[in-house]
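Notes follow the structure.
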Amino acid sequence: MDIDLILRNATLPDGRAGLDIAVAGGRIVGIERGIPGPAGTEIDAAGHLVAPPFVDCHFHMDATLSLGRPRLNESGTLLEGIALWGELKPLLTPEAVIERALRYCDLAVAQGLLAVRSHVDICDDRLLAVDALLAVKREVAPYLDLQLVAFPQDGYLRSPTAAHNLERALDRGVEVVGGIPHFERTMAEGAESLRRLCAIAADRGLRVDIHCDETDDPLSRHVETLAAETVRHGLQGRVAGSHLTSMHSMDNYYVSKLLALMAEADLHVVANPLINIVLQGRHDTYPKRRGLTRVPEEMAAGLTVAFGQDCCMDPWYSLGSADMLDVAHMGLHVAQMTGRAAMRTCFEAVTTHAAAVMGLQDYGLRVGAYGDFVLVQARDPIEAIRLRATRLAVVRRGRVIARTPPRVADLALAGRPGRVDPAAYAPVAGEAPDAR
Ligand code: FE2
């Protein structure tokens with residue numbers, strides 16, 4: 001068998017070290033010590049971490065990199081962001097949406113982010129952004145998996161043409177059903193929107209991803225309806241509740257019932273820590289709520305919980321860099337997940353868990369999976385998050401598609417010149433037992 005690529009001396013996220021990974025025909029054909037060459041390409045991982053690609057299962061590619069157009073979000077709130085997007089929408093051109101999206105995909109690939117689920121607003125009768133992102137999906141397919149969600153930003157029932165447009169978008173190839181029940185006019189209409197959207201998904205055999213309860217209102221309980229409809233339609237394991245920030249503020253007794261209902265539905269949870277921490281709590285004085293959903297408790301209930309980026313330089317968020325380690329870093333802090341196992345789980349929230357939310361096939365570091373992985377300038381997932389470590393090489397189907405030089409500073413200290421990774425940590429040998 002001709003081997004296209006061997007990556008030598010890798011450390012895997014589960015701690016196994018000193019392994020070679022071989023790829024042939026676009027798929028992993030071996031993960032073991034001392035795989036004999038030759039190969040078309042050989043890379044020395046030098047003991048660094050090799051991870052499956054980063055996955056962002058909640059993003060808005062139609063709005064990305066539009067910061068400041070036509071103006072900035074002065075209040076910093078979700079609602080002003082939605083209003084601002086409404087001002088920009090009629091000004092969009094296909095060319096501009098495509099160019100911004102392609103630029104974003106370049107940033108993503110450079111950071112080892114090779115799969116993105118993007119919501120696309122269907123509340124524009126032209127479906128301009130839908131067609132533009134479908135074109136982008138085809139163009140980037142060789143190097144990035146782009147999955148699109150038909151998202152009725154202005155409300156599935158509240159916007160007069162959203163229901164029709166959502167069906168049109170699905171007919172054109174958008175593959176996931178979206179919704180925004182907390183933005184409908186009433187709680188009852190929010191629940192009704194979920195009943196209809198889940199029915200559409202069941203009829204068409206599609207997945208569901210709902211912007212659900214993205215509010216600080218503890219009585220915003222649409223996730224309850226989402227879980228119930230998931231069970232009713234047999235959609236277990238195919239439905240994601242994105243944001244779920246109202247759960248932060250809910251009554252504890254009610255949550256104890258809700259978590260069991262969510263587990264029964266095998267509901268996927270997508271928290272968006274960068275966005276939740278800046279958009280939620282805006283109506284509070286002090287204390288200010290964090291607004292992140294109850295991530296550790298959801299994980300303890302057996303739910304698949306992923307972290308999404310949501311926004312990058314758009315009407316809702318003026319920062320972001322397509323770096324899922326940045327997202328994991330924020331999620332870890334806001335959820336106070338500082339235990340060793342918890343920090344490793346935060347890494348999974350932007351890799352394997354996010355891949356499960358998207359339903360990615362043949363993902364992961366195992367024989368038979370796609371030859372997709374990222375060489376990171378770190379020893380393990382915790383160090384990768386701590387340093388937001390450099391992505392030294394990004395491999396897709398056994399081909400290196402991005403490289404970044406290692407981060408090293410040249411020092412000129414009196415009597416001690418040398419080279420150092422400015423963020424690196426090394427224990428002092430013999431000082432005390434290493435409990436890490
Ligand atoms: Fe979103």
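The values are calculated or read from the model by the stated rules, or taken from the named source; none is laboratory data. From a predicted model like this one, the values you see are computed outputs, not experimental measurements. Counting neighbours? That spans all protein chains shown, and the Cβs are built from the backbone with ideal geometry, glycine included. With ligands, DNA and RNA removed, areas are computed over all heavy atoms of the protein, side chains included. Shrake-Rupley method; radii C 1.70, N 1.55, O 1.52, S 1.80 Å.
What the table below lists for this structure:
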{"quantity": "Cross-chain or 6+ apart pairs with Cβ under 9 Å, region 209-222 first and more than 16 Å from the ligand (Cβ to nearest atom), then aromatic (F, W, Y)", "calculated": "P218/Y254; R221/Y254"}
{"quantity": "In region 79-95, the residues that are surrounded by 15 or more Cβ atoms within 10 Å (Cβ to Cβ), of a type outside the set (F, W, Y) and part of a helix (DSSP H, G or I)", "calculated": "E80, G81, I82, L84, G86, L88, K89"}
{"quantity": "Residue count for region 174-208, restricted to those that are open to solvent by less than 10 Å² (accessible area, probe 1.4 Å) and within 15 Å of the ligand (Cβ to nearest atom)", "calculated": "7"}
{"quantity": "Residue that is surrounded by the fewest Cβ atoms within 10 Å (Cβ to Cβ), among those in region 144-173 that are away from the ligand (no atom under 16 Å from the Cβ) and charged (D, E, K, R)", "calculated": "D171"}
{"quantity": "Single residue of E224, E214, E229 found to be assigned to a helix (DSSP H, G or I), of a type outside the set (S, T, N, Q) and out of contact with any Lys or Arg (no Cβ under 7 Å at 6 or more places or on another chain)", "calculated": "E224"}
{"quantity": "Residue tally, condition open to solvent by 10 Å² or more (accessible area, probe 1.4 Å) and of a type in the set (A, V, I, L, M), over region 209-223", "calculated": "1"}
{"quantity": "Selection count, region 293-309, where residues are among the small types (G, A, S) and either outside the structural domain of L325 (by TED's automatic domain parsing) or open to solvent by less than 10 Å² (accessible area, probe 1.4 Å) (or both)", "calculated": "2"}
{"quantity": "Single unsatisfied condition, M337 versus (1) in a helix (DSSP H, G or I); (2) in contact with a helix residue (DSSP H, G or I) (Cβ under 6 Å, 6 or more places away or on another chain); (3) away from the ligand (no atom under 16 Å from the Cβ)", "calculated": "(1)"}
{"quantity": "Pair list, Cβ under 6 Å, 6 or more apart: region 233-247 residue free of Cβ contacts under 8 Å to residues at least 40 places away in the same chain, other residue open to solvent by less than 10 Å² (accessible area, probe 1.4 Å) and more than 16 Å from the ligand (Cβ to nearest atom)", "calculated": "H233/C198; Q236/A265; G241/L267"}
{"quantity": "Residue identified as open to solvent by 70 Å² or more (accessible area, probe 1.4 Å) and more than 30 Å from V23 (Cβ to Cβ) among V428, V420", "calculated": "V428"}
{"quantity": "Selection from region 107-128 of residues that are within 14 Å of the ligand (Cβ to nearest atom) and assigned to a helix (DSSP H, G or I)", "calculated": "none"}
{"quantity": "Selection status of A306, touching a residue at least 40 places away in the same chain (Cβ under 8 Å), aliphatic (A, V, I, L, M), within 16 Å of the ligand (Cβ to nearest atom) and not in a loop (DSSP other than H, G, I, E, B)", "calculated": "yes"}
{"quantity": "Residue that is surrounded by the fewest Cβ atoms within 10 Å (Cβ to Cβ), among those in region 1-44 that are hydrophobic (A, V, I, L, M, F, W, C) and in a loop (DSSP other than H, G, I, E, B)", "calculated": "M1"}
{"quantity": "Residue check, A322 within 14 Å of C212 (Cβ to Cβ), touching a residue at least 60 places away in the same chain (Cβ under 8 Å), within 16 Å of the ligand (Cβ to nearest atom) and open to solvent by less than 10 Å² (accessible area, probe 1.4 Å)", "calculated": "no"}
{"quantity": "Any hit, region 309-321, residues being in contact with a helix residue (DSSP H, G or I) (Cβ under 9 Å, 6 or more places away or on another chain) and assigned to a helix (DSSP H, G or I)", "calculated": "no"}
{"quantity": "Which listed residue, of D372, D326, is within 15 Å of F54 (Cα to Cα), within 18 Å of the chain's Cα centre (by Cα) and assigned by TED's automatic domain parsing to the domain that holds T41", "calculated": "D372"}
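Rundown of residues vs (1) at positive phi; (2) open to solvent by 60 Å² or more (accessible area, probe 1.4 Å), yes/no style:
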position: M247; (1), (2): no, no
position: D251; (1), (2): no, yes
position: K257; (1), (2): no, yes
position: M262; (1), (2): no, no
position: H268; (1), (2): no, no
position: N272; (1), (2): no, no
position: N276; (1), (2): no, no
position: G281; (1), (2): yes, no
position: Y286; (1), (2): no, yes
